[in-house]
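**Student:** To start, I am sharing the structure in question, which I have written as structure tokens.
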Amino acid sequence: MTATLTGVGVGPGDPELLTVKAVRVLREADVVFVPVMADRPEPDAGRAETTVRDHVPADRLRRLPFALDDRGGVTARRAAAWDDAARAVVEAVDAGARALAFATIGDPNVYSTFGYLAQSVRARRPAVRVATVPGVTAMQELASRSGTPLCEGREPLTLLPATAGSALFADALAGPGSVVVYKGWRRHPDLLAELRRQDRLADAVLGRSLGLPGERIGPVGDADHDLPYLSTLLVPARRAHRGGKL
């Protein structure tokens, strides 16, 4: 029987936002891997682990350390973490596991560590089948909680990480659609300055720690200097009247 590694999107943090399929796949898995920060003696439970604890027994959860806080591309530390994680998955397969799941916040095909893990596992065991289960994204949760439509009519939607740089953010803001920025974190002052420059600050919405204790959803301001890495900024398109973009 061929082993299958499934990347399961578990949403932004609220355990109730897992799909029925996600819960089924997690419960049927022989082992459920969850990402944690590397190089910590006793790493805290990550957001994915905290989310799936409501659905999966603790004895089937296994932590995989990743260099989630690395900056600067494919660093040696980051590559080593990918390789170590892949070896752990392969060891589970060799030990007899056939249904393996990797719980990832949001969606496994949107800025997810799962893609790198899957590539590394397939390089070692080409026979392992890879699948994904889509999940609710942070931008969807923020739009819902703030009552802000993401797209209307012919409007485009631009999603980008703050790590892509200020120029891309500026270009997206100048366009006709909504803009969503992930991973604002230390780049928040630059994002804030560009929002002011293009007179888009008043409509912007910021979400931090969505679905978790201490979450905040509201206007964007200078006081947001302690943002977590996984913060979400939503800047809706300019809309003059109902149905104006049809």
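Okay, residues lined up against (1) in contact with a strand residue (DSSP E or B) (Cβ under 9 Å, 6 or more places away or on another chain); (2) open to solvent by less than 60 Å² (accessible area, probe 1.4 Å):
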{"position": "LEU160", "(1), (2)": "yes, yes"}
{"position": "THR163", "(1), (2)": "yes, no"}
{"position": "GLY184", "(1), (2)": "yes, yes"}
{"position": "LEU195", "(1), (2)": "yes, yes"}
{"position": "ALA202", "(1), (2)": "yes, no"}
{"position": "SER209", "(1), (2)": "yes, yes"}
{"position": "LEU212", "(1), (2)": "no, yes"}
{"position": "ALA237", "(1), (2)": "yes, yes"}
{"position": "ALA240", "(1), (2)": "no, no"}
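**Student:** Still on this structure, I have one more. Kindly list, by first and then second residue, each pair from a residue in region 1-29 that is on the phi > 0 side of the Ramachandran plot to a residue that is open to solvent by less than 10 Å² (accessible area, probe 1.4 Å) and among the polar types (S, T, N, Q), limited to pairs with Cβ atoms under 7 Å and residues at least 6 apart or on different chains.
**Tutor:** Qualifying pairs under 7 Å: GLY11/THR51; GLY13/THR51.
**Student:** Kindly establish whether GLU49 is under 19 Å from LEU210 (Cα atoms), open to solvent by less than 50 Å² (accessible area, probe 1.4 Å) and not hydroxyl-bearing (Ser, Thr, Tyr). Even if it seems obvious, please write down each step before you answer.
**Tutor:** Numbers: under 19 Å from LEU210 (Cα atoms): yes; open to solvent by less than 50 Å² (accessible area, probe 1.4 Å): yes; not hydroxyl-bearing (Ser, Thr, Tyr): yes.
Criteria met by GLU49.
**Student:** Search region 137-148 for residues being open to solvent by less than 60 Å² (accessible area, probe 1.4 Å) and of a type outside the set (D, E, K, R), and hand back the single one that is farthest from TRP185 (Cα to Cα).
**Tutor:** THR148
**Student:** Within region 94-105, is there a residue that is outside any strand (DSSP E or B) and within 21 Å of SER209 (Cα to Cα)?
**Tutor:** Yes, some residue in region 94-105 is outside any strand (DSSP E or B) and within 21 Å of SER209 (Cα to Cα).
**Student:** Now a separate question. Out of PRO108, PRO176, PRO126, report the one residue that is in a loop (DSSP other than H, G, I, E, B), open to solvent by 70 Å² or more (accessible area, probe 1.4 Å) and at pLDDT 95 or above.
**Tutor:** Going through PRO108, PRO176, PRO126 in turn, the sole match is PRO126.
**Student:** Hey, among the residues in region 52-93 that are among the acidic types (Asp, Glu) and without any contact (Cβ under 8 Å) to a residue 24 or more places away in the chain, which one's surrounded by the fewest Cβ atoms within 10 Å (Cβ to Cβ)?
**Tutor:** ASP59
The values are calculated or read from the model by the stated rules, or taken from the named source; none is laboratory data. Every value quoted in this text rests on a predicted model; they were computed, and no experiment measured them. For neighbour counting, all protein chains shown are included, and Cβ atoms are generated from backbone atoms with ideal geometry for every residue, glycine included. For the accessible areas, the whole protein counts, side chains as well, though only heavy atoms, and no ligand, DNA or RNA atoms are used. Shrake-Rupley method; radii C 1.70, N 1.55, O 1.52, S 1.80 Å.
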